[in-house]
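Down below is the structure, laid out as C-alpha cells.
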Amino acid sequence: MRFAYADPPYIGQAARHYGCPEVDHKDLIARLVADYPDGWALSCSSPSLRILLPMCPDDARIAAWVKPFCAFKRGVRPAHAWEPVIFRGGRNKNHPPPPKGGKQTTPKDFLACNITLKKGLVGAKPEAFCRWIFDILGARPGDTLDDLFPGTGIVGATWRAFAEGAA
C-alpha cells in the first residue's frame with residue numbers, strides 16, 4: 001500500500017516560521033485524495049481545523065495529538081495543547097490480516113506525547129508521533145510512505161527504521 005503524510009506550514013504561519021509562501025491547502029487535500037487512495041494523514045492546527053475539514057471527503061476522520069508538555073504563549077488562553085490530524089483510509093477490518101506471526105492491534109485516535117525541542121524547525125514531530133501516524137494508517141513494512149513536507153527528516157528516518165522492523 002502507498003500512504004502519504006503531510007505536515008505543511010500551518011495556515012498563516014508559512015512566512016513567519018519558514019520564510020515561504022502559504023500552502024494552498026485545498027490543492028494539497030485534492031492531491032492527497034487523488035494520489036493516495038490507500039490512505040493519508042494531514043497535520044494541522046486547531047484554529048485551522050474548521051477551515052480544512054470542509055475541504056476533505058466525508059469519510060475523513062480527526063485524531064488528536066495531545067501535548068502534556070507544550071509551549072505556552074502570552075495572551076493565549078487556553079493553551080494550544082493539542083493538534084488535530086486529519087486522516088483518511090488506511091488498513092482496516094476489510095484488509096488482509098498481518099503476515100504470519102504479526103499481531104493486529106487497534107490504534108487509538110489520540111496520542112499523548114511531548115513536543116520536541118531544538119530540532120531545527122518549529123513544529124518538528126517526535127518519533128512517537130511518527131509511529132502513531134504509521135499505526136493509524138495501518139502501515140506495514142513493505143508499504144510506501146511519502147513524506148510530502150520532509151522538514152527535519154524525522155518522519156522519513158522513523159519510516160526507514162519501521163520498514164526495516166526496528167521501530
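The values are calculated or read from the model by the stated rules, or taken from the named source; none is laboratory data. What you see is a predicted model; the values in this text were computed from it and never measured. Neighbour counts run over all protein chains shown; Cβ positions are idealised from the backbone, glycine included.
Filter the range 124-145 down to the residues that are part of a helix (DSSP H, G or I) and among the small types (Gly, Ala, Ser) and list them by number.
Correct list: Ala128 only.
Among the residues in the range 109-126, are any among the basic types (Lys, Arg), at pLDDT 70 or above and surrounded by fewer than 21 Cβ atoms within 10 Å (Cβ to Cβ)?
Scanning the range 109-126 turns up no residue that is among the basic types (Lys, Arg), at pLDDT 70 or above and surrounded by fewer than 21 Cβ atoms within 10 Å (Cβ to Cβ).
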